[in-house]
1. Spot the failing condition for VAL199; the list is (1) part of a helix (DSSP H, G or I); (2) within 15 Å of the ligand (Cβ to nearest atom); (3) β-branched (Val, Ile, Thr), and only one is missed.
2. I'd like to know if the range 109-122 contains one or more residues that are assigned to a helix (DSSP H, G or I) and more than 18 Å from the chain's Cα centre (by Cα).
3. Here's a check for you: in the range 171-197, which residue that is aliphatic (A, V, I, L, M) and open to solvent by 10 Å² or more (accessible area, probe 1.4 Å) is nearest to ALA23 (Cα to Cα)?
4. Out of ALA20, ALA38, ALA60, I need the residue that is open to solvent by less than 50 Å² (accessible area, probe 1.4 Å), hydrophobic (A, V, I, L, M, F, W, C) and touching a residue at least 40 places away in the same chain (Cβ under 8 Å). Which one?
5. Out of PRO258, PRO272, PRO241, which single residue is within 30 Å of LEU7 (Cα to Cα), without any contact (Cβ under 8 Å) to a residue 12 or more places away in the chain and open to solvent by 40 Å² or more (accessible area, probe 1.4 Å)?
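The values are calculated or read from the model by the stated rules, or taken from the named source; none is laboratory data. Values in this document were obtained by computation on a predicted structure and should not be read as measured data. Cβ: placed from backbone, ideal geometry, glycine included. Neighbour counts: every protein chain shown. Ligands, DNA and RNA are stripped out before the accessible areas are found, and what is left, the full protein with its side chains, is counted by its heavy atoms. Shrake-Rupley method; radii C 1.70, N 1.55, O 1.52, S 1.80 Å.
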Amino acid sequence: MIPTPPLTTLRWKRLLVTGAAGALGRELRPRLKAYCDALRLSDIADLGSAAAGEELRPAALEDKAAVHALLEGVEAVVHLGGVSVEKPFDVILPANIVGVFNLYEAAREHGVKRVVFASSNHVTGFYRQDETISPQDPVRPDGYYGLSKAFGENLSRFYFDRYGIETVCVRIGSSFPEPKDRRMLATWLSFDDLERLVVAALAAPAVGHTVMFGMSDNRLTWWDNTSARHVGYRPQDSSEPFRPAVEARQQRIDLSDPAAIFQGGGFVKQGPF
Ligand code: 15L
């Protein structure tokens, strides 16, 4: 379901979504089209065919020239691109580290002033599930993927401090049709709330460099977003209606399992590769 009425009356001339063929990109594609004249979509995977108002631009993030061409004429970017799960470092490096550098350099060159960066809860995955943390707490990445997202957060801070490019880094929890397990009762972000969050991050008058967690209005949470109230994100969904089904599937939690102890869940024990 797409939230109605529109979440803002603002309209962008051209938005760029990287990683547009990924799960969240496919979800946001029709939703963001409602807010712009042209929606430029990029990925290395198949983007299908262009609907009215869409521009398909396949590009690898590590390809500097391609990324520079991608940013031309763009007003704001929703950067979902890159590797979105734990992988060996040589897979993470080109897409998530070289790629995010290419993106911000291209943004600087083309005068793009606002980026929504899909960071991840895995930037802080080694905090425990019995802790509540805020974006001001030190990062504790739970793998190479989390490390690469921490790099993106730092890089975007540098590009704000040096060049005034504003970024909202959204440490996305678990954005799926519904929470799959008890961990996701805390980390779940509905697709409608994802849209609310991205549109809020694009539309807020001033965001500077903001780091926040991407979650729905879940009853149980490990994350305190108070410092990001200026973004104006108000989640409308909750994992709570899914609780009975999730608990029926997962009655017992083994507290000797790192996946049950740490916020990053199974990511904390992946590898070595
Ligand atoms: C992520 O960052 C991943 O992209 C996603 O696939 C989920 O695994 C999610 O984190 C999560 O922590 O549940």
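1. Status for VAL199: all satisfied but (2).
2. Checked against the condition, which is being assigned to a helix (DSSP H, G or I) and more than 18 Å from the chain's Cα centre (by Cα), the range 109-122 yields at least one hit.
3. Step one: of the range 171-197, the residues aliphatic (A, V, I, L, M) are 172, 184-186, 189, 194, 197.
Right, trim to open to solvent by 10 Å² or more (accessible area, probe 1.4 Å) and you get 172, 184.
Numbers: ILE172: 13, MET184: 17 Å.
Ranking the qualifying residues of the range 171-197, first place goes to ILE172.
4. Testing whether each residue is open to solvent by less than 50 Å² (accessible area, probe 1.4 Å), hydrophobic (A, V, I, L, M, F, W, C) and touching a residue at least 40 places away in the same chain (Cβ under 8 Å) leaves just ALA20.
5. PRO241
Listed here are the residues, each with its yes/no results for (1) touching a strand residue (DSSP E or B) at 6+ places or on another chain (Cβ under 8 Å); (2) not in a loop (DSSP other than H, G, I, E, B).
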residue	(1), (2)
MET212	yes, yes
SER216	yes, no
THR221	no, no
ALA228	yes, yes
TYR233	yes, no
PHE242	yes, yes
SER256	no, no
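Residue-wise test of (1) more than 14 Å from the ligand (Cβ to nearest atom); (2) under 23 Å from PHE160 (Cβ atoms); (3) not hydrophobic (A, V, I, L, M, F, W, C).
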residue	(1), (2), (3)
ALA23	no, no, no
GLY48	yes, no, yes
VAL78	yes, yes, no
ALA95	no, yes, no
